[in-house]
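Only one structure is covered here, and it is reproduced in the block below.
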Amino acid sequence: MAPRRLKLILILAILGASALALLAWTQVWVHAEVGLPDAGTQVLQIDGAIAAPALTALALCGFALAGALTIAGRLIRIVLGALEVLLGVSVFLAAFLAVDDPSNASAAAVTAATGIAGHESIQLSVLGTIVTPWPYVAMAAAVLMAAAGVMVILTSARWPGPTRKYQAVRFESVTSADDSVSAAPFSGNSPPAKVAPSDSVGDWDDLSRGEDPTAR
């Protein structure tokens, strides 16, 4: 595969995986049946923002990392690939913890609905839970993120480098140019010497002395 095409595919894979994780974060992850003290039971819908609140920050980091890869040099690409692997592992861990203990993932919503706090009290108040497919979608996105990061590390040496518009621009000193002009010997073809700009205050002083300021 051509290096430029490989670079594009991996960057798009990171963007797609991050978008998929962010989409999963906005959906319902757990249906929790909670026993209320005086009102029977209530079914709470726990979305990813409650079950895995860190997921949104991790997904946004994936977007930023994909943007950085478009202009990064070879060494920085390796570092960014390693960071992408860590992002994938973090997303997978956040989703796995919600699936492994849905009652604990629902704790914030249960406390807001019932006023019950504490791990053991919440565990007793949650009568049953149903996990939706969305946390598994987040875990699949995490695997894709980690795999893309590994591929970036393995193939970054083949990627084309940044274009010229991202290279440093060398500026020339203006004073040095002016000094070279003033130091050049006078000749018939040389440009006329620079005339000092007129000063309005000095012109009025000349007029007050009876002198013509335009004669300078």
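The values are calculated or read from the model by the stated rules, or taken from the named source; none is laboratory data. The model shown is predicted, which means the values in this text are computed figures rather than measured ones. Cβ placement follows ideal geometry from the backbone for every residue including glycine, while neighbour counts extend to all protein chains displayed. The area values use the complete protein model at the heavy-atom level, side chains included, leaving out ligands, DNA and RNA. Shrake-Rupley method; radii C 1.70, N 1.55, O 1.52, S 1.80 Å.
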Relative packing of 9-18, 128-137, 68-77, which averages over residues the other C-beta atoms within 10 Å, highest first: 9-18, 128-137, 68-77
Highest mean first, what order results for 99-105, 23-29 on Cβ atoms within 10 Å? 23-29, 99-105
Under a 1.4 Å probe, counting only protein heavy atoms, Glu211 has an accessible area in Å², nearest 10, of 90
Charges only on Cβ, +1 for Lys and Arg, -1 for Asp and Glu: so what's the dipole of segment 27-137 about the Cα centre, in debye to the nearest 20? 600
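Working out 0.36 nm times the residue gap between Ile71 and Leu154, then minus their Cα-Cα distance, what length gain in nm do you get to one decimal?
This chain segment gains 28.1 nm when fully extended.
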What ³J(HN,Hα) values, in whole Hz, does the Karplus curve 6.51 cos²θ - 1.76 cosθ + 1.60 give for segment 74-86 when θ = phi - 60°, with x put for Gly and Pro? 4, 5, 5, 4, 5, 5, 5, x, 5, 5, 5, 4, 5
Going toward the positive end of the dipole of segment 34-124, with +1 on Lys and Arg Cβ and -1 on Asp and Glu Cβ, which of Ala54, Gly115, Ala98 do you reach last? Ala54
Of the listed peptides 141-147, 2-8, what is their order by residue-averaged count of other C-beta atoms within 10 Å, with the highest listed first? 141-147, 2-8
Please list, ordered by chain and number, the residues whose modelled amide H lies under 5 Å from the amide H of Gln27; skip anything fewer than 5 residues away on the same chain. Gly48
Tell me which residues come under 5 Å, amide H to amide H, from Val34 once H is placed; ignore anything under 5 positions away on its chain. Gln42, Val43, Leu44, Leu127
